[in-house]
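Worksheet: the structure to be examined is printed underneath.
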Amino acid sequence: MTLSVLKIDGTPSGKQIELDERIFGVTPNDHAIYLDVVQYLANQRQGTSKTKDRSEVSYSTKKLGRQKGGGGARHGSRKANIFVGGGRVFGPKPRLYRKKLNKKLKQLARFSALSYKAQEEALIFVEPFTMEAPKTKEMLKIVSNLKAGDRKVLFVLPENSDNIFLSSRNLPEVSVLTVDEINTYAIMNANKMVIVDGVQDILASRIK
């Protein structure tokens, strides 16, 4: 597949690029995508939820009443879960949600997601650009010029640019990642991908 590289004003730059079939032309593997997305979302979880059980709440352990003859249910102490302020039964405890996947599978998942975007004609390649200062209005103008607005847009940069990142931070539908940060979830979550020319070469150099 051949695509034109655009300028940030939306006009053609005159350069054409041939998409690498190893990255943008693989047969998508839906299960690999699923596993990678599940891993990404699981790894975002902190796993710090915690409640106190009856051994941890601060209450007297004195028996509330006699065992028999009271006319009601028997009780040990106010720490029981049926009382207000008592311990919680089977409450959450701190735990790790992290999952692991091998590198080959993660690479297949990312390339499958990129191939889907290529099939959907959701890829836009632009010339390398910079911003002199963080300007949200300028970022909105770029998105509009590239006809990528009103839906989720993912910008992929070859290297970090603070000004571009800060310019997009107040735009809920615009995300900016470097080539080192892109992941299957971000690709699948975007409706359009704006890829800075040169990113595809970095991806190709890392194929194993």
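The values are calculated or read from the model by the stated rules, or taken from the named source; none is laboratory data. Being a predicted model, the structure only gives us computed values, none of them experimental. Counting neighbours? That spans all protein chains shown, and the Cβs are built from the backbone with ideal geometry, glycine included. To get the accessible areas, we keep the full protein, side chains included, count just its heavy atoms, and leave off ligands, DNA and RNA. Shrake-Rupley method; radii C 1.70, N 1.55, O 1.52, S 1.80 Å.
Tabulated values for the structure
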read-out	value
Residue match in region 146-153 (condition: in a helix (DSSP H, G or I) and open to solvent by less than 40 Å² (accessible area, probe 1.4 Å))	no
Single residue of region 134-143 satisfying the filter (in a helix (DSSP H, G or I) and touching a residue at least 24 places away in the same chain (Cβ under 8 Å)) that is farthest from residue 10 (Cα to Cα)	136
Residues of region 101-133 satisfying the condition of being in a loop (DSSP other than H, G, I, E, B) and closer than 26 Å to residue 200 by Cα	101, 102, 120, 121, 122, 127, 128, 129, 130, 131, 132
Residue ID - nearest to the chain's Cα centre (by Cα), chosen from residues in region 112-138 that are among the aromatic types (Phe, Trp, Tyr) and under 24 Å from residue 161 (Cα atoms)	125
Enumeration of residues in region 34-57 that are in contact (Cβ under 8 Å) with a residue 40 or more places away in the chain and in contact with a Gly (Cβ under 8 Å, 6 or more places away or on another chain)	50, 51
When residues of region 161-202 are limited to those that are assigned to a helix (DSSP H, G or I), in contact (Cβ under 8 Å) with a residue 60 or more places away in the chain and open to solvent by less than 20 Å² (accessible area, probe 1.4 Å), the one nearest to residue 139 (Cα to Cα)	187
Residue within region 50-68 that is open to solvent by less than 90 Å² (accessible area, probe 1.4 Å), in contact with a strand residue (DSSP E or B) (Cβ under 7 Å, 6 or more places away or on another chain) and modelled with pLDDT of 90 or more present	no
Residues (closer than 21 Å to residue 198 by Cα and open to solvent by 30 Å² or more (accessible area, probe 1.4 Å)) located in region 130-145	130, 132, 145
